[in-house]
Amino acid sequence: VEQRERFSLAGLLIACSITNRAALPVRLSRVIAQRLLASGPFQPGVQDLLSADPSSSSAVDSVRSMSAAEFSQVLEMEGMPPTTTKEQYLDQLARDRLASWQLDCLRAGFLRIVPQQQLAAIGARSGR
């Protein structure tokens with residue numbers, strides 16, 4: 001519970017800095033910013049994973065270069081439908097890695113200051 005509270009407080013701090021126009025000496029990744037400002041469900045994809053974690057590119061390249069037989073074995077081991085494409089598999093991998101409880105708690109703290117209704121307005125102004 002203590003870790004969840006810390007992430008929530010961090011989200012609250014980010015929101016306070018935005019609403020008070022006070023810069024924080026923290027650089028947020030694009031994925032974190034998208035999660036905080038999302039007005040709908042957060043659906044990260046493989047490009048989001050690569051931008052958040054460049055070291056995952058070797059895993060992505062490995063999946064993309066697998067033969068059909070090798071990929072079929074991976075799907076079987078993972079318990080995924082055999083009709084799953086490599087890109088669907090990679091998108092699921094991105095969601096598993098990026099749609100985490102940490103980001104959920106960060107967003108919950110953020111939303112204590114910036115109401116959900118305001119997120120749509122922020123997204124519209126920024127062209128999202």
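The values are calculated or read from the model by the stated rules, or taken from the named source; none is laboratory data. The structure presented is a predicted model; accordingly, all values stated were derived computationally and were not measured. Cβ coordinates were reconstructed from backbone atoms using ideal geometry, including for glycine residues, and neighbour counts include every protein chain displayed. What goes into the accessible areas is simple: the full protein's heavy atoms, side chains included, and nothing from ligands, DNA or RNA. Shrake-Rupley method; radii C 1.70, N 1.55, O 1.52, S 1.80 Å.
Stretched out straight at 0.36 nm per residue, the stretch from Q118 to Q88 would grow longer than its current Cα-Cα span by 7.6 nm.
Could you check how much of the accessible area of the chain is carbon and sulfur, as a whole percent, using a 1.4 Å probe? Don't skip to the answer; put the middle values down first.
Values: 4470 of 8260 Å².
Carbon with sulfur: 54 percent of the solvent-accessible area.
Once the 1.4 Å probe is applied to the protein heavy atoms, the chain comes out at 65 Å² accessible per residue. May I ask you to list the trypsin sites (Lys or Arg not before Pro) in the stretch 14-76 that are in a DSSP loop and have at most 13 other Cβ atoms within 10 Å of their Cβ? Of the trypsin sites (Lys or Arg not before Pro), the ones in loops of the stretch 14-76 whose Cβ has at most 13 other Cβ atoms within 10 Å are R21, R27.
Counting only protein chain heavy atoms and rolling a 1.4 Å probe, the accessible areas of D91, D96 rank, largest first, as D96, D91. Neighbours of F7, meaning other residues whose beta-carbon lies under 12 angstrom from its beta-carbon, give a summed charge of +1 when Lys and Arg score +1 and Asp and Glu score -1.
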